[in-house]
Structure formats: structure tokens, C-alpha cells
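What follows draws every value from the coordinates through simple rules; no lab data is involved. Bear in mind that the values here come from a model prediction, so they are computed numbers and not experimental data. Here Cβ is always computed from backbone atoms with ideal geometry, including for glycine, and neighbour counts include all displayed protein chains.
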Amino acid sequence: MILGLVDNLTGKVYESGKESLKVIKRNAHQLLHLVNQMLDLARLDSSNLHLKLVRGDVIRYIRYLLESFHSYAANKNITIDFQAEAPSLEMDFDPDRFQQVISNLLSNAIKFTPSGGEIKVRVREANKNKVRRLQLYIRDTGIGIPEAKIPFIFDRFYQADDSSTRTNEGAGIGLALTRELVQLMGGEITVSSKAGKGTRFAIHLPVTREAEKTEAIPLPDSSDVLFTPEAESRLPPHDSPEKESALSILLIEDNPDVLRYLSGCLTPAYRIETAGNGEQGITKAIQQIPDLIISDIMMPVRDGFEVCDTLKKDERTSHIPIILLTAKADQASKLTGLAKGADAYLPKPFSKAELLIRIQNLLKNRERLRQFLLAGESLHLYPEKSLVQVNAEKTALKFIHKVRSVVESHISNPQFSVAMLAELIHYSEPQLNRKVKGIIDMTPGKYIRSVRLALAQRLLRGSDLSITDIAFECGFLDPEYFSKVFKQETELTPTEYRNLNG
């Protein structure tokens with residue numbers, strides 16, 4: 001029903017909706033494939049899965065199946081090399097079940113082989129103890145399987161890489177089904193592998209010629225052969241923001257379809273940046289200092305827990321709210337995420353409305369912190385009350401105190417600039433600008449001026465210095481300009497302010 005309705009809608013939606021239909025169709029095919037595999041396992045358990053044998057050229061059929069994978073492999077810069085000792089081999093086989101075996105093994109080989117790798121497929125006929133056997137070998141130059149895990153890879157739901165940083169998703173069904181199908185065909189499958197060197201699967205099947213001969217074996221549709229979602233999916237491009245003033249959100253997610261959906265949910269209101277794994281996300285967060293981060297947990301290289309822990313411990317990014325959005329919905333994972341400093345934890349599948357409300361609430365909390373810091377820190381009107389005005393984040397306070405201390409130590413220097421401030425606290429200017437603006441919604445230049453004016457207020461209230469001397473003491477070379485910006489800040493001239501507060 002889902003796939004049928006998608007096909008009906010394809011020609012009836014505007015261009016903007018066609019990409020969404022592609023995502024629906026791709027994921028529906030993936031779901032259908034997974035459900036079919038589970039049903040096949042159930043039929044095998046109950047001895048209700050039977051072969052439908054035909055007699056035909058198995059070499060030609062294998063060659064056709066491999067052709068369906070060439071473009072997928074080429075997209076990952078992987079070559080597939082096929083060689084058969086004989087140009088053809090007539091034997092009995094079930095095309096659908098044979099397709100499942102080849103597709104599962106070849107999909108795994110491509111998924112676990114890095115760019116520039118190679119997959120070799122070899123086919124030959126051999127006689128062993130006067131029994132004719134088809135021997136099929138699929139060898140890759142991928143990441144390999146640790147020796148201790150090889151005995152378990154054909155177990156149902158087993159995953160050789162069960163870490164939260166694994167590169168490829170999976171349910172642990174494909175290899176279990178492959179072995180049971182090979183056994184149903186009267187054959188055997190073995191594996192040999194070395195971690196970091198690659199893996200070889202060997203399949204031996206009996207060659208018989210008892211079924212009815214079929215001149216034209218029906219060939220499967222290529223979309224049925226290649227079910228892997230990565231075949232069509234890429235990280236979505238993100239449009240340049242219409243307004244630089246819009247708040248920015250960094251999305252860290254390795255699933256391109258989820259990334260595309262999140263971008264579509266948020267793009268109208270926020271500027272979006274994306275990262276495809278935890279390492280990229282950390283780098284982008286430090287470089288760009290976004291207003292908020294949404295991160296998956298299970299990702300390649302570094303997982304979401306590491307992302308959260310690293311960014312919360314880094315002074316440059318410690319103030320940024322982080323939402324962990326993940327399929328790891330168990331209580332232990334949630335507690336781990338919150339312990340790492342996550343500001344919110346949402347399980348997949350998530351509600352778009354709930355996500356938007358969470359984002360708005362976190363940004364409102366950030367705004368309250370800004371107002372607190374502006375009122376209590378920039379003008380120093382009531383410094384003895386500043387730490388108890390609100391429940392502010394200690395790291396943000398510590399950073400603003402650090403910046404203020406540096407500014408105050410150079411406050412009488414009229415040449416003191418944002419560039420000098422950035423150098424003294426070991427930030428780049430763009431990082432400093434985004435960090436200060438992210439915490440108090442004020443540029444570093446304006447903050448320096450506000451600290452100068454805060455000192456001017458204290459001197460006007462508690463000293464007999466002339467207004468000109470106060471201007472010089474606070475780093476203003478031109479007393480007239482000092483009077484102008486002071487009035488802009490307080491709506492009073494320096495003289496009026498002294499008369500009211502002296």
C-alpha cells in the first residue's frame with residue numbers, strides 16, 4: 001500500500017515534494033526487504049520454505065546480479081571483478097533464493113570495503129568425490145572480521161561490530177538467512193577473514209540437472225536486487241541562509257534520510273549546517289559555534305556521547321545546548337547522555353512538534369542566561385547579586401568573567417581591540433565573536449565598550465575626576481564621543497548621570 005500510493009503520487013506533487021517521496025519509497029523498500037527476511041527465517045524454522053528449482057545458465061544469472069551492483073560500488077570508488085572458469089554452466093537453482101544469497105554477500109562486501117577497495121567474485125565447477133559442485137567465492141579488501149567473532153557471524157541478530165561508532169547499520173539477519181538458504185540448497189558456506197585485510201566467503205552447491213529446463217530464466221528488477229539505502233542516498237545540500245541573523249543549528253547524523261528530514265523540518269526557521277559523523281560534528285561545532293546542536297548517538301568515528309562530552313568540556317563550545325536524538329531509547333543510554341551534559345534526549349521515532357518545542361525552550365533558556373549576564377555582568381550595577389539572579393551555567397559565567405578580566409586589565413588603552421582580546425584568550429576572532437554572541441547576544445566589540453562604560457559609571461558615582469579624565473581612564477580618546485555613546489547606553493549624559501547618582 002505504501003509503495004503503491006507513492007507511485008500514484010509521484011506525478012501529482014510539486015517538485016519540492018518529489019524528494020520526500022523518494023525517501024519514503026527508499027525506506028519502504030528497505031522495510032519490505034527486512035520484513036521479507038524475517039518471514040523467510042520463520043518459514044525456514046517451520047519447514048515451510050521450499051525451493052522452486054529451474055534449470056538454466058547460472059553463470060549468466062550471476063553476471064546479471066553483479067551488474068546491478070556496479071553503479072553502487074562505483075559511487076564508493078570500489079571495483080567489482082568477476083571471473084568464471086567456464087562461459088556458462090547449466091544447473092538447477094532457485095533464482096529468487098540464489099539472488100538473496102548473492103545480494104546479501106555482495107551488499108556486505110561493499111558496505112565494509114573502504115573507498116579504493118576491490119571485490120573479486122570467482123565461479124568454477126569442481127568434482128569432489130565424484131560429486132559435481134559449484135564453487136562461488138566472494139573476496140573483499142574491507143575491514144575484515146576479528147578472529148574471535150568469526151564463529152558467531154552466522155548467528156541470528158549477531159553483529160560483529162556492536163559498538164555505538166559502527167559505520168554501517170544492520171539487524172544481523174542477512175548472514176543468518178544466507179547460511180540457512182545455502183543449506184536449504186544442499187550446500188555449505190564458509191568464511192575466512194583477517195581484521196584490516198578483508199574477508200572471503202566460499203559457497204559450495206551441488207550441481208544437478210533434474211528440474212525442467214528453462215530457456216529464459218526471469219531476471220529480477222534491479223531495485224529488488226539492490227535494496228541498500230545508501231545506493232541513492234547522499235548527505236543533503238543545505239541552502240545558504242537568507243538572513244545571517246537567523247539562529248544556527250548543527251545537525252550531526254550519519255543517516256542521510258534522517259538528516260534530510262531534519263533539515264526540512266528546521267530550514268524555514270534556522271540556518272542549518274550538517275555533519276556526517278561525530279568527528280566532523282566536533283570539528284564543525286568548534287569552528288562555527290552554532291546556537292544549538294542536534295546529534296545522533298550511534299555514528300561512525302566518534303559517537304554522540306563523545307560529541308556531547310567533548311563539546312561540553314571545551315570552553316569554546318560549552319555553552320551550546322545539545323539535543324541527543326537517537327534510537328537508543330533505553331533508560332541507561334538516556335542517563336549516560338544526560339550525564340555527558342546533554343540538554344535534552346529524544347528517542348526515535350520522534351515527534352516533529354516535540355522537537356521544535358524542545359529547541360524553542362532551550363533557546364529561550366539561553367536567552368534568559370544572556371539577559372542575566374547582560375544585567376549582572378556587563379554594566380556591573382549590582383555585582384554582589386549577579387551570581388544569584390538566575391541558575392546560570394557556571395561555564396558561561398566563567399568564560400564571561402575571563403573575558404571581562406582581560407578587558408578590564410587593558411581598559412585604559414584606547415587601542416585595545418577585539419583582535420588583541422582574541423589573541424590573549426587564545427581564540428580566533430570568528431570563534432570569539434560567535435562564542436560571545438552565543439552567550440550574551442553581543443559582539444565582542446560592543447562588550448568591550450560596555451565594560452568601558454561600566455567603569456565610567458562607577459567613576460562618575462564614586463570619584464571627583466572630570467568627565468574628560470574619566471573618558472581617558474576608560475579608553476576613550478575623544479570626550480565628545482564618550483558622552484555620545486554613554487547617553488546611547490544610559491539615556492543620560494555623563495553630567496546628568498553624576499548629578500543623579502553622585
- Order by protection proxy (mean Cβ within 10 Å, highest first), peptides 47-56, 295-304: 295-304, 47-56
- Query: What longest region of the chain stays clear of chymotrypsin sites (Phe, Trp or Tyr not before Pro) that DSSP places outside H, G, I, E and B and that have at most 11 other Cβ atoms within 10 Å?
  - Reply: 158-502
- In the set [x] 187; [y] 132; [z] 263, which value of volume of the Cα convex hull per residue in Å³ was calculated from the structure you see? [x]
- Message: Among Y481, A332, I252, which residue has its Cα furthest toward the positive end of the charge dipole of the chain, with +1 on Lys/Arg Cβ and -1 on Asp/Glu Cβ?
- Response: A332
- Message: What's the magnitude of the charge dipole for the chain around its Cα centre, counting Lys and Arg as +1 and Asp and Glu as -1 at the beta-carbon? Answer in Debye, nearest 20.
- Response: 520 debye
- In whole angstrom, and with the biggest value first, how far do the Cα coordinates of region 26-126 range along each principal axis? 43, 37, 20
- If one computes the Cα centroid of region 2-41 and of region 276-328, what distance in Å separates the two points? 31 Å
- Query: Given the Cα-Cα distance of D81 and K213 and 0.36 nm per residue of separation, how much length would full extension add, in nm?
  - Reply: 44.6 nm
- Message: Give me K111, K484 sorted ascending by neighbouring Cβ count inside 10 Å, so fewest comes first.
- Response: K484, K111
- Query: What angle do you read, to the nearest 10 degrees and between 0 and 90, between the alpha-carbon axis of helix 278-288 and the longest principal axis of the chain?
  - Reply: 30 degrees
- Message: Need one number: nm distance between label points at S115 and K446, each 7 Å from Cα along Cα→Cβ, rounded to one decimal.
- Response: 4.2 nm
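So how do E210, E496 line up by other beta-carbon neighbours within 10 Å, fewest first?
By the 10 Å Cβ count, ascending, the order reads E210, E496.
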- Task: Let me have the 222 nm mean residue ellipticity of the chain computed from DSSP H runs of 4+ only, each contributing -39500 (n - 2.57), with the sum over all residues rounded to the nearest 500.
- Result: -15000 deg cm²/dmol
- Return the whole-Å distance between the Cα centroid of region 449-502 and the Cα centroid of region 180-209. 84 Å
- Item | Ranked E19, E279, criterion: other C-beta atoms within 10 Å, fewest first | E19, E279
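Can you give the extra length, in nm with one decimal, that the chain gains between L9 and L424 once fully stretched, where that is 0.36 nm per residue apart less the Cα-Cα distance? Mind dumping the intermediate values first?
On the way: separation 415, 0.36 × 415 = 149.40 nm, distance 5.96 nm.
Using 0.36 nm per residue and subtracting the Cα-Cα distance, I get 143.4 nm.
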- Would you mind checking K130/K194; K313/K348; K76/K437; K328/K364 for any pair whose Cα atoms are more than 29 angstrom apart? K130/K194; K76/K437
- Message: So if I place +1 on the C-beta of Lys and Arg and -1 on the C-beta of Asp and Glu, and nothing else carries charge, what would the dipole magnitude of region 19-103 be about its Cα centre? I want it in debye, nearest 20.
- Response: 360 debye
- Report, in degrees rounded to the nearest 10, the 0 to 90 angle that the Cα long axis of helix 174-184 makes with the longest principal axis of the chain. 10 degrees
- Query: What full-extension length gain, to one decimal in nm, is calculated for R368 and D45 as 0.36 nm per residue of separation minus the Cα-Cα distance?
  - Reply: 110.3 nm
